[in-house]
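> Shown below is the structure under consideration.
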Amino acid sequence: MAPPELTETDDSVRDTADSTEAPVIETQKLCKIYEGALGGEDVKALTDLDLIVKSGEIFGYLGPNGSGKTTTIKLLLGLIFPSSGSMKILGSSRIGAPSIRKNIGYLPEGAYYPDFLRGEEVLRFYGQLYGLERHDLKRRMDNVLELVGMQHARSRLVRGYSKGMRQRIGLAQALLSDPQILILDEPTTGLDPIARKEIRDILVRLRDEGKTLFISSHELLEVEMISNRVGILYDGVLQTTGTIDELLLDRDLSVEVRGAGAEALEKFAAAGIQAEDAVDNKIVLRLPETVSIYAAMSICEAEHVEVIRIAPRRETLEELFVRVVGMAEREAREKASK
Ligand SMILES: Nc1ncnc2c1ncn2[C@@H]1O[C@H](COP(=O)(O)OP(=O)(O)OP(=O)(O)O)[C@@H](O)[C@H]1O
Ligand SMILES: [Mg+2]
């Protein structure tokens with residue numbers, strides 16, 4: 001499936017980025033082949049990737065395991081080289097050059113820091129790598145430790161940190177040089193719901209302060225909550241990209257009813273209308289676009305079910321993901337069987 005064309009009028013309310021500004025990240029026909037990686041055979045990790053990330057947005061980069069997310073990130077950082085295609089970051093094609101690198105904060109997937117270091121020693125080490133002066137470094141360390149809520153634990157050994165604390169130190173490390181762009185590879189994986197919410201709040205705050213965030217993730221609900229735009233990869237190919245509002249369909253209806261008994265629910269199910277949620281004696285039914293509202297209303301009337309509310313039902317990012325990846329999988333299977 002080709003990515004939908006974006007026009008200026010398509011830019012929705014959630015697309016807060018200025019469409020007239022040059023993209024912060026832009027790739028054109030970017031390809032990466034890991035040569036001879038699979039028992040001598042090549043692995044085509046990324047194919048013809050055209051990606052645009054705009055200033056001041058959170059871009060959610062999604063895709064199943066092995067679809068090419070980390071490969072894209074490593075290419076953007078200049079850690080690996082493309083097989084073909086081109087990239088621009090902040091308008092420059094000098095990927096990996098110090099002037100560009102210092103404007104990118106990077107949190108690697110499953111970031112690891114030596115256990116014998118204290119949180120602040122980790123930051124000092126990275127600060128020195130970034131070439132920050134002693135005075136600047138101290139100020140930045142205080143600043144980022146405060147931002148990620150780790151001032152209280154700065155002098156504790158990393159060994160004693162929880163996963164959430166490690167991730168916060170990772171985020172602090174990524175923010176140390178006060179970069180314009182943050183590239184975060186699965187920033188909330190393995191965290192509990194509270195720690196996730198806290199990290200999410202920090203990410204939104206950073207976006208609101210004007211930073212551009214590129215986040216790879218499997219946490220679809222989370223991405224839906226905070227992203228302006230998303231892209232879905234499958235097998236190294238970008239299947240779709242756009243704002244959340246552009247991509248999530250709202251063709252189905254949500255019908256909230258009261259007093260639906262087992263018999264009514266059976267009739268609804270037989271008509272293709274599923275109960276999605278139940279609160280007290282209210283039930284929320286999902287009416288697919290293929291089922292007429294009259295069919296639902298006539299069941300309600302026959303079963304003495306009270307209709308409280310009818311509203312458009314927008315699909316979730318998870319449903320979009322399953323739809324897009326499912327279609328790509330089917331296409332791949334059909335191609336393979338030919
Ligand atoms: N260094 C490497 N050498 C050979 N093949 C690699 C290398 N790194 C990644 N690959 C392959 O490239 C493809 C894309 O991998 P990548 O790590 O980019 O996926 P991902 O989307 O980040 O997956 P995950 O969600 O599991 O982190 C996979 O087939 C992977 O096996
Ligand atoms: Mg990865």
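What follows draws every value from the coordinates through simple rules; no lab data is involved. These figures come from a predicted structure and were not determined experimentally. Cβ placement follows ideal geometry from the backbone for every residue including glycine, while neighbour counts extend to all protein chains displayed.
> Name every residue in the stretch 168-192 that is away from ligand 1 (no atom under 16 Å from the Cβ) and farther than 21 Å from residue 152 by Cα, in order of residue number.
Matches in the stretch 168-192: 177, 178, 179, 180, 181, 182.
> Residues of the stretch 68-90 being touching a Pro at 6+ places or on another chain (Cβ under 8 Å) and away from ligand 1 (no atom under 13 Å from the Cβ), which ones?
88
> List the number of the failed condition for residue 184; all other conditions in (1) in a helix (DSSP H, G or I); (2) closer than 17 Å to residue 144 by Cα; (3) within 18 Å of the chain's Cα centre (by Cα) hold.
(1)
> Strands (runs of 3 or more DSSP E) wholly in the stretch 227-338 with at least 2 residues that are touching a residue at least 24 places away in the same chain (Cβ under 8 Å) - which ones?
229-234, 237-243, 252-258, 282-287, 306-313
> Related question: Find all pairs meeting these conditions: Cβ atoms under 6 angstrom apart; at least six residues apart or on different chains; first residue within the stretch 34-46 and charged (D, E, K, R); second residue not in a strand (DSSP E or B).
Filtered contacts from the stretch 34-46: 44/236.
> What residue, among those in the stretch 100-128 that are more than 16 Å from ligand 1 (Cβ to nearest atom) and assigned to a strand (DSSP E or B), is farthest from the chain's Cα centre (by Cα)?
Only one residue tops the list, namely 118.
> Residue 155 is checked against (1) farther than 30 Å from residue 230 by Cα; (2) among the hydroxyl-bearing types (Ser, Thr, Tyr); (3) crowded, with 21+ Cβ neighbours inside 10 Å and fails just one. What number does that condition carry?
Tallying (1) farther than 30 Å from residue 230 by Cα; (2) among the hydroxyl-bearing types (Ser, Thr, Tyr); (3) crowded, with 21+ Cβ neighbours inside 10 Å, residue 155 fails exactly one: (3).
> When residues of the stretch 46-67 are filtered for being surrounded by fewer than 24 Cβ atoms within 10 Å (Cβ to Cβ) and near ligand 1 (Cβ under 8 Å from one of its atoms), how many remain?
Within the stretch 46-67, residues that are surrounded by fewer than 24 Cβ atoms within 10 Å (Cβ to Cβ) and near ligand 1 (Cβ under 8 Å from one of its atoms) number 3.
> Please tell me if residue 214 is assigned to a helix (DSSP H, G or I) and of a type in the set (Phe, Trp, Tyr).
Judged against the criteria, residue 214 is not a match.
> Okay, moving on. Residue by residue through the stretch 223-265, note down the ones that are on the phi > 0 side of the Ramachandran plot and either surrounded by fewer than 21 Cβ atoms within 10 Å (Cβ to Cβ) or among the charged types (D, E, K, R) (or both).
Answer for the stretch 223-265, where residues must be on the phi > 0 side of the Ramachandran plot and either surrounded by fewer than 21 Cβ atoms within 10 Å (Cβ to Cβ) or among the charged types (D, E, K, R) (or both): 235, 242, 259.
> Oh, and also: Mind listing just one residue for me: the one in the stretch 68-113 that is within 16 Å of ligand 2 (Cβ to nearest atom) and β-branched (Val, Ile, Thr) and, of those, surrounded by the fewest Cβ atoms within 10 Å (Cβ to Cβ)?
80
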